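Report on the following structure.
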Amino acid sequence: MSSQAAAKGTQEDYKLKDTKPELGERWPHGGQRGGSGWIYSERATSTYDLVEQMFYLYVRVVKAKDLPPNPVTSNVDPYVEVKVGNYKGKTRHFEKKTNPEWKQVFAFSKEKIQSSVVEVFVRDKEMVARDDYIGKVEFDMHEVPTRVPPDSPLAPQWYRLENLRGEARSRGEIMLAVWMGTQADEAFPEAWHSDSASVKGEGVYNIRSKVYVNPKLWYLRVNVIEAQDVEPQDKSQPPQVFVKGQVGQQVLKTKLCPTKTPNPMWNEDLVFVAAEPFEEKLVLTVENKASPGKDEVVAKIALPLNKFEIRLDHRTVHSHWYNLERFGFGVLEGDKRNETKFSSRIHLRVCLEGAYHVLDEFTMYISDTRPTARQLWKQPIGILEVGILSAQGLQSMKTNNGKGSTDAYCVAKYGQKWVRTRTITESFNPKWNEQYTWEVYDPCTVITFGVFDNCHLGGGGQTQGSGAKIDSRIGKVRIRLSTLEMDRIYTNSYPLLVLKPSGLKKMGELQLAIRFTCLSMAHIIYLYGHPFLPKMHYLHPFTVNQLESLRYQAMNIVAVRLGRAEPPLRKEVVEYMLDVDSHIWSLRRSKANFFRIVSLFSGAISMSKWLGEVQQWKNPVTTILVHVLFFILICYPELILPTMFLYMFLIGIWNFRFRPRHPPDMDTKLSWAEAARPDELDEEFDTFPTSKAQDVIRMRYDRLRSVAGRIQTVVGDIATQGERFHTLLSWRDPRATSLFVIFCLIAAVALYVTPFKVVASVAGIFWLRHPKFRSKLPSVPSNFFKRLPSRADNML
């Protein structure tokens, strides 16, 4: 009994929970918005109404002037140290400068401040001895004013430096601004934070919150039509050539021209993914199949991508001839190796496809469906506002100074916009309270959140095979916008679940506040009746293999471009958010998908069981009522379709009472995450190609053969039944076909002379007859059908 209770408790722990955070603005000193006697008026609602308000003490250090030089060195290397209780923040130091400018902001979390005084020290940097004290300025915390955006920033003022005894010095002033504000302050993103006071050096740039934008992706379609005057190195025989195209790391080839000719024709499309700004060129090489194992470059050309035409619809673009460059490498051409010849040319039709949406994520979790060309975009239909509040109960991800720690940050991706919260260091319960907004162009899209451990702050962490540190995954949450009610604020705690080779593990919980605001209900209704992707995907569709390859290339380009930002959104983060490895074989995922299919037919199976019970007169009252309904529909056939639609309407109205009140979350039972065996998970997390021992690979291969054998049998049975239908009229079995043909003639005559209502009534009475009039043996049609031959007899 205790094990069942524990299992139930674990299941509850894996589910989404309701939370009641205190969202919106709550200002101190009693008023709705008050503070230090100078903010008292009512204001418009803040844009930070989906997060819990966090108060910070801000200190802006602008510059200093007339700093006294050191009497020994006759110069000064100044820097500023801001101290609030046990927290200290330092600016960079300048060498030999009496009028330095820092322009730096320090933010101290109010809930962690244990001092009533803010101290600002100006010191002289010494290389060997202790840093010299130049002067200081003190502020009483109770006298610090409160600033509420959208008020203009507080103007900094000059303050004369004081010595250690609190007396004003004859020289030296510093320009400062000190105020109390919230995370809504525009100084917040770039400020030094007391939450991350332990981070030094380059790690400071890796903890800041940032907004990233996807690079603008295009499909580059290269139609290789033909070439003329292709001249191989060996002029004794005509060339048999193909064209190889390359854009960056993407390489595609046309088919080999079937005939050996100097004027080959292909008329093939090569499709690449390109990103703005166009840094790569389209490089085309014409290569000759000199021998079975040798391809020689005959000619080449490099074309910049910004020269090509942009296509916005299905019209045909103009084709052009391009001269190819050829380099002589023959024995008799030793002095002409560097001479460029324009002896051949190639006929191309090249365009940048602006009417397609470049898929960089799987369509199941797609977050954007707009075409590449901005002039084809529609108006947004809504606004998505997300408050990333906090995480609770995170697991230790690494060890620093002998103790476990986690430096967590959250990434959200929707449409072209990625956001990254600041990193909260050494906390298992980080509070971000950051709010972001997206425009929504289609409600049937998904927003993805991921929580990661920052391993680039100087501590330990997970490493790749190359030894480079990677940011560890803590968990992921997906929310489909179409499952949200309009203008309602959802405040929930989502479990962060991760599958590891050791099994399913809960890494903590992510608390979010979400609001989907509708701008045009008519536009949303309009979208539900229109194609999901731009029309070019249906007028000129790509093949399945093309889509898979192009999606993989687009994901790589996005990962590389975002990895070059500052701070970088690293490759492992982008790949996890875009589900790069979700197509890899997994026995667990295959089982989950199989049982998803089974559940789809559960309704039909239940209906067939109920009809079987009616047919067997298990409940005579129900069977009699079915008889009555059946005869009513026979007498009034025009009621059949209205009855069906009315029945579905009533079911929908009844189910409205039990509609989901929360967004869907990760379902461990549906995913078969808890039932997966360790070896299955070990296989799922194996590299591709595999890195396991030979005996393990053999065992997994045999298991895969066993599973595939069952699938093979089921597919064969389905094919057999279908082939038997074809056999009815194919005269494969002449006696069976003769019987079926004669039956069809008799049935045609009988149905022609007999009214349809009579036929339907007789058929219904026969099907609903009492078990006393039934035989336990299979029916005649079933026996006849099972005796028909199939093409399984002809298989080896």
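The values are calculated or read from the model by the stated rules, or taken from the named source; none is laboratory data. This structure is a prediction, so every number in the text was calculated from the model and none was measured. When we count neighbours, we look across all protein chains shown, and the Cβ atoms used for this are built from the backbone with ideal geometry, even at glycine. For accessibility, only protein heavy atoms count, side chains too; no ligands or nucleic acids. Shrake-Rupley method; radii C 1.70, N 1.55, O 1.52, S 1.80 Å.
Remarks
- Every condition in (1) under 56 Å from the mean Cα position of the chain (by Cα); (2) surrounded by fewer than 10 Cβ atoms within 10 Å (Cβ to Cβ); (3) over 28 Å from residue 633 (Cα atoms); (4) at pLDDT 85 or above holds for residue 788 except the one numbered (2).
- Some residue of region 376-385 being among the β-branched types (Val, Ile, Thr), under 28 Å from residue 193 (Cβ atoms) and at pLDDT below 95: no
- From the list 288, 223, the one residue that fits, being part of a strand (DSSP E or B), in contact (Cβ under 8 Å) with a residue 12 or more places away in the chain, open to solvent by less than 80 Å² (accessible area, probe 1.4 Å) and in contact with a Pro (Cβ under 8 Å, 6 or more places away or on another chain), is 288.
- Residue satisfying condition, being charged (D, E, K, R), surrounded by 10 or more Cβ atoms within 10 Å (Cβ to Cβ) and assigned to a helix (DSSP H, G or I), within set 680, 638: 680
- Residue ID - nearest to the chain's Cα centre (by Cα), chosen from residues in region 617-627 that are in a helix (DSSP H, G or I) and more than 15 Å from residue 766 (Cα to Cα): 622
- Here is the figure for region 641-657: residues that are touching a helix residue (DSSP H, G or I) at 6+ places or on another chain (Cβ under 8 Å) and either of a type outside the set (Ser, Thr, Tyr) or open to solvent by 100 Å² or more (accessible area, probe 1.4 Å) (or both) total 0.
- Residue 72 farther than 28 Å from residue 148 by Cβ and in contact with a Leu (Cβ under 6 Å, 6 or more places away or on another chain): no
- Verdict on residue 315 being at pLDDT below 90 and part of a loop (DSSP other than H, G, I, E, B): yes
- Within region 56-75, not a single residue is touching a Ser or Thr at 6+ places or on another chain (Cβ under 6 Å) and open to solvent by 20 Å² or more (accessible area, probe 1.4 Å).
- Some residue of region 707-716 being of a type in the set (D, E, K, R) and surrounded by 12 or more Cβ atoms within 10 Å (Cβ to Cβ): no
- Within region 746-770, the set of residues being of a type outside the set (A, V, I, L, M, F, W, C) and either in contact with a strand residue (DSSP E or B) (Cβ under 6 Å, 6 or more places away or on another chain) or exposed (fewer than 11 other Cβ atoms within 10 Å of the Cβ) (or both) comprises 752, 755.
- The conditions of being at pLDDT below 55, under 24 Å from residue 181 (Cα atoms) and loosely packed, with under 13 Cβ neighbours inside 10 Å are met by residue 30.
- Of all residues in region 401-420 being part of a strand (DSSP E or B) and free of Cβ contacts under 8 Å to residues at least 24 places away in the same chain, the one that is nearest to residue 365 (Cα to Cα): 404
- Which numbered condition residue 342 misses (of (1) modelled with pLDDT under 70; (2) under 30 Å from residue 355 (Cβ atoms)): (2)
- Residue selected from region 551-590 under the condition within 14 Å of residue 360 (Cα to Cα) and β-branched (Val, Ile, Thr), by the criterion most open to solvent (accessible area, probe 1.4 Å): 560
- Candidates in region 393-412 are the residues that are open to solvent by 60 Å² or more (accessible area, probe 1.4 Å) and not small (Gly, Ala, Ser); of these, the one that is modelled with the highest pLDDT is 395.
- Of the set (1) surrounded by fewer than 15 Cβ atoms within 10 Å (Cβ to Cβ); (2) in contact with a helix residue (DSSP H, G or I) (Cβ under 9 Å, 6 or more places away or on another chain); (3) β-branched (Val, Ile, Thr), all apply to residue 261 but (2).
- Any chance residue 185 is open to solvent by 20 Å² or more (accessible area, probe 1.4 Å) and acidic (Asp, Glu): no
- Flag if residue 146 is farther than 24 Å from residue 197 by Cβ, hydroxyl-bearing (Ser, Thr, Tyr) and open to solvent by less than 60 Å² (accessible area, probe 1.4 Å): no
- Matching entry among 323, 306, 267 (being free of Cβ contacts under 8 Å to residues at least 40 places away in the same chain and within 14 Å of residue 347 (Cα to Cα)): 323
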